[in-house]
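Here is the structure we will look at.
The values are calculated or read from the model by the stated rules, or taken from the named source; none is laboratory data. Here the structure is a predicted model, which is why all the values come from computation and not from measurement. Glycine gets a Cβ as well: all are built from the backbone with ideal geometry, and neighbour counts include every protein chain shown. Areas reflect the complete protein model, heavy atoms only, side chains present, ligands, DNA and RNA absent. Shrake-Rupley method; radii C 1.70, N 1.55, O 1.52, S 1.80 Å.
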Amino acid sequence: MPLRKKRRMLAYLATLLVFTAPAWAALDAQQILQKSDAVRNPDRSFSLVTTLISYKNGKQHETSKLELYSRVSPNGGQFRSLLRFISPLRDAGKLTLKSGRDLWLYDPASQASVPISPQQRLMGQAANGDVVTANWAADYHASLIAEERIQDGERQIRDCYHLHLVAHNPDAAYPSMDLWVDKADFKSRKAEFYAVNGSLLKTTFYRRYAPVLGGVRSTEAVIIDGVNANWVTVLRQDNFAWRDVPEAWLQRDYLPHFRDAKP
Amino acid sequence: MKKRLPFCWLLALAAPAMAQDDATLTALDLADNAEFTAERDKTLNMMFEAASSTDQQARKEQRASLDMRWDTPLGQHWRLLLSDRLDSRFSHRLSETRYINTLREAALSYALTPQTLLDVGRINTRYGVAMGYNPTDFLGRGTVRSVTSADPETLRNNRLGNAMVRLQHFWDNAAVTALWAPKIRSGTMQRSGSLDWQASNPRERVLLSASYRFAENFNPQFLLFQEQQRSPQFGLNLSRVLSRSTLIYGEWAGGRQPFSWQETLPESQWDVAWRNRAAVGIAWTGENHLTLRLEGHDNGSAQPVPGHLEQHRSVLVQAYWKDIVDQYDLNLIAQRDVQQHQNMGFAELRRHFGAVDLALQWQKVYLATTPERRWQLSLDYWF
């Protein structure tokens, strides 16, 4: 290639870079949120096992183990989920079905499926909203507060987008939250969840990123209570598997049969 | 040196954002050292309960109960379910020991297709969304063999299922159920080990139910119930989440029938008319996990007659506070019969110790027209 032509090509490439750079540099807050959802959540139905250990003042308080089945809802892109308690033994076999705004609790002792409100807690500081899968971009309006350098749950310094999320969907687990998304790879590093009155409910660190279900996803969350920081819940996920979760399973009338679903 | 100065400034400016406070570091240290032990997914769950109770006449009673539930798949399509409870009651003289066995469920399930399921055997079904009174729970009447608590939830857990054949089919947004429960009259109710078919299957019965998810937050359930030599009864169950904290629900059943107390009389003496039964309620859960519930009940089939205590109109109030103090749950239920002006109550303080629960209960119920107050201390162990 003649030198002149080469220079022209280089100039063209430089110009292209200069003009296209702002396009990716200026990702809007909603796009950042969507990208963080894509890192956090698989794109098709799956199952996993979640173990929760809560601590109060440094002492182990409660432990529970749940199996989670999730499927993306056909309308709206949100997940529908089924939770089955494995432990504690007093709750073994109980199911929670979350389908949009509807929440059902099934107790095998009475074979009864009763409706519950989303605010009912699972254990420790973990609410249903912490355990089930959610695409936040479908439920929240995001705004970019700042680009910040934070220390993450593994005590690493990370350059992050600091987003503020306000729920526009009444199905959202929390009215508002702050989220720190890693600028390098859109991994969620930290979140703060707020009550309706704006008070801090809890701070969550997402950590132990590992290759699971076709992506590199967080396998552990550390949840610190917003009022009493000595109240801590560790939520660890394992036994990840792609699973066909038919729509029919996600109905309250199916709940008594759900054990059949295990292969 | 000059070159390093801006870097120091940067560090100083960034420090507040990066520094994690001591509590956060302590929490992360805890998480680093968390030990996750392997726990098996059990098919057999058992619970032992020891309870001691005393009433206002200082009459004491002790009880030991064994509760089991075995739910296991048998190959890919079959599933076996066994659920049983044995209550043994004794006073200070052990010669007065009485046993009552409640075979709640014994059923086989077969998946004809992933969406079509067939069940045969004794099966517990519960319809209804309310807590204190379920007019659509057509198959649940008279199936409690051993009353261990006045808590409506406990009463529902410790009851007999009905012998039936049940077929269910599911679509993406809908489900239909058809069940046939034959009349079986054998076994004596008083016998401790009786299967008590008279209580669970007194007449031939057919129940059809269907639910359809019209929207994510609207999934009503419709019921049609037909009993041998009775008029068909209709039912409807509704619930709706209003906000993160608030849920409303209601259920209704209606059809031509006599007053409940007339059912033991010859049919010629029945006063048959269309009668409605309904329960509506609202439940609110705060951010501190206190749940408050208010329910209204209207039983059009009940008519106040001497010796019959069925309530016509009543109001139920519940306050349930999980973890009111570390590991303590408090459950208060008050119910008022607004026609007979009688108050019933249930209060429980429950403490969790790992696999053990310790509970102190106070309850006030009516036996005929006489109120009975009772204290009960119980210890539950799951294994």
Consider region A:160-192. How many of its residues are among the hydrophobic types (A, V, I, L, M, F, W, C) and without any contact (Cβ under 8 Å) to a residue 60 or more places away in the chain? 9
So A:L179, is it under 19 Å from A:D37 (Cα atoms) and either open to solvent by 20 Å² or more (accessible area, probe 1.4 Å) or more than 7 Å from chain B (Cβ to nearest Cβ) (or both): yes
Pick from region B:197-243, criterion part of a loop (DSSP other than H, G, I, E, B), of a type outside the set (G, A, S) and within 14 Å of chain A (Cβ to nearest Cβ), ranking: surrounded by the fewest Cβ atoms within 10 Å (Cβ to Cβ): B:F214
Residues of region A:99-116 that turn out to be closer than 19 Å to A:L89 by Cβ and in a loop (DSSP other than H, G, I, E, B), as a count: 4
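Identify the residue in region A:34-67 that is in a loop (DSSP other than H, G, I, E, B) and within 23 Å of B:A27 (Cβ to Cβ) and, among all such residues, is farthest from the other protein chains (Cβ to nearest Cβ).
A:N57
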Subset of region B:20-46 (residues that are among the hydroxyl-bearing types (S, T, Y) and within 7 Å of another protein chain (Cβ to nearest Cβ)): B:T24
Mind checking which residues of region A:104-117 are within 7 Å of chain B (Cβ to nearest Cβ) and either open to solvent by less than 10 Å² (accessible area, probe 1.4 Å) or touching a residue at least 24 places away in the same chain (Cβ under 8 Å) (or both)? A:P108, A:S110, A:Q111, A:A112, A:S117
Matching residues, region B:113-129, being more than 9 Å from chain A (Cβ to nearest Cβ) and touching a residue at least 12 places away in the same chain (Cβ under 8 Å): B:T116, B:L118, B:V120, B:G121, B:R122
Does region B:163-177 hold any residues that are more than 22 Å from B:F214 (Cβ to Cβ) and out of contact with any Asp or Glu (no Cβ under 7 Å at 6 or more places or on another chain), and which are they? B:A163, B:M164, B:V165, B:L167
Considering only residues that are touching a strand residue (DSSP E or B) at 6+ places or on another chain (Cβ under 7 Å) and over 14 Å from B:P135 (Cα atoms), which ones fall in region B:257-286? B:W261, B:V272, B:A273, B:W274, B:I282, B:A283, B:W284, B:T285
When region B:328-383 is checked residue by residue, the ones that are away from every other protein chain (no Cβ under 13 Å) and of a type in the set (V, I, T) are B:I333, B:V338, B:V365, B:T369, B:T370
With the condition kept exactly as written, say whether any residue in region B:295-312 is within 14 Å of chain A (Cβ to nearest Cβ), part of a strand (DSSP E or B) and either surrounded by 15 or more Cβ atoms within 10 Å (Cβ to Cβ) or in contact (Cβ under 8 Å) with a residue 12 or more places away in the chain (or both). yes
The residue that is farthest from B:I100 (Cα to Cα), considering only those in region B:174-196 that are open to solvent by 60 Å² or more (accessible area, probe 1.4 Å) and in a loop (DSSP other than H, G, I, E, B), is B:K183
Scan A:D238, A:D244 and give me the residue that is in a strand (DSSP E or B), open to solvent by 30 Å² or more (accessible area, probe 1.4 Å) and at pLDDT below 95. A:D238
Failed condition for A:G124, given (1) modelled with pLDDT of 90 or more; (2) within 10 Å of chain B (Cβ to nearest Cβ): (1)
Members of region B:103-124 that are of a type in the set (S, T, N, Q) and open to solvent by 30 Å² or more (accessible area, probe 1.4 Å): B:T113, B:Q115
Among the residues of region B:313-323, is any out of contact with any Gly (no Cβ under 8 Å at 6 or more places or on another chain) and modelled with pLDDT under 90? yes
Could you tell me how many of the residues in region A:68-85 are farther than 22 Å from B:D84 by Cβ, within 11 Å of another protein chain (Cβ to nearest Cβ) and open to solvent by less than 40 Å² (accessible area, probe 1.4 Å)? 4
Which pairs do you get when a residue that is on the phi < 0 side of the Ramachandran plot, found in region B:266-279, comes within reach of a residue that is of a type in the set (F, W, Y) and in a loop (DSSP other than H, G, I, E, B), reach meaning Cβ atoms under 7 angstrom, with the pair 6+ apart or on two chains? B:D271/B:F259; B:A279/B:Y133
I'd like to know if region A:130-151 contains one or more residues that are within 11 Å of another protein chain (Cβ to nearest Cβ), in a loop (DSSP other than H, G, I, E, B) and either surrounded by fewer than 21 Cβ atoms within 10 Å (Cβ to Cβ) or hydrophobic (A, V, I, L, M, F, W, C) (or both). no
B:Y127, sole failed condition from (1) open to solvent by 20 Å² or more (accessible area, probe 1.4 Å); (2) of a type outside the set (K, R); (3) under 26 Å from B:S65 (Cβ atoms); (4) assigned to a loop (DSSP other than H, G, I, E, B): (3)
Within region B:56-71, does at least one residue satisfy the condition of being at the interface with chain A (Cβ under 8 Å from one of its Cβ atoms), aliphatic (A, V, I, L, M) and not in a strand (DSSP E or B)? no
Would you confirm whether any residue within region B:84-93 is within 14 Å of another protein chain (Cβ to nearest Cβ), in contact (Cβ under 8 Å) with a residue 24 or more places away in the chain, under 26 Å from the mean Cα position of the chain (by Cα) and open to solvent by 20 Å² or more (accessible area, probe 1.4 Å)? no
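With the requirement that a residue be part of a loop (DSSP other than H, G, I, E, B) and not acidic (D, E), what does region B:244-289 give you?
Across region B:244-289, the qualifying residues are B:R244, B:S245, B:P258, B:F259, B:L265, B:P266, B:W270, B:V272, B:G286, B:N288, B:H289.
For the structure I just gave you, tell me whether A:F193 is touching a helix residue (DSSP H, G or I) at 6+ places or on another chain (Cβ under 6 Å), within 23 Å of A:L144 (Cα to Cα) and more than 9 Å from chain B (Cβ to nearest Cβ).
Values: touching a helix residue (DSSP H, G or I) at 6+ places or on another chain (Cβ under 6 Å): no; within 23 Å of A:L144 (Cα to Cα): yes; more than 9 Å from chain B (Cβ to nearest Cβ): yes.
For A:F193, the condition - touching a helix residue (DSSP H, G or I) at 6+ places or on another chain (Cβ under 6 Å), within 23 Å of A:L144 (Cα to Cα) and more than 9 Å from chain B (Cβ to nearest Cβ) - is not met.
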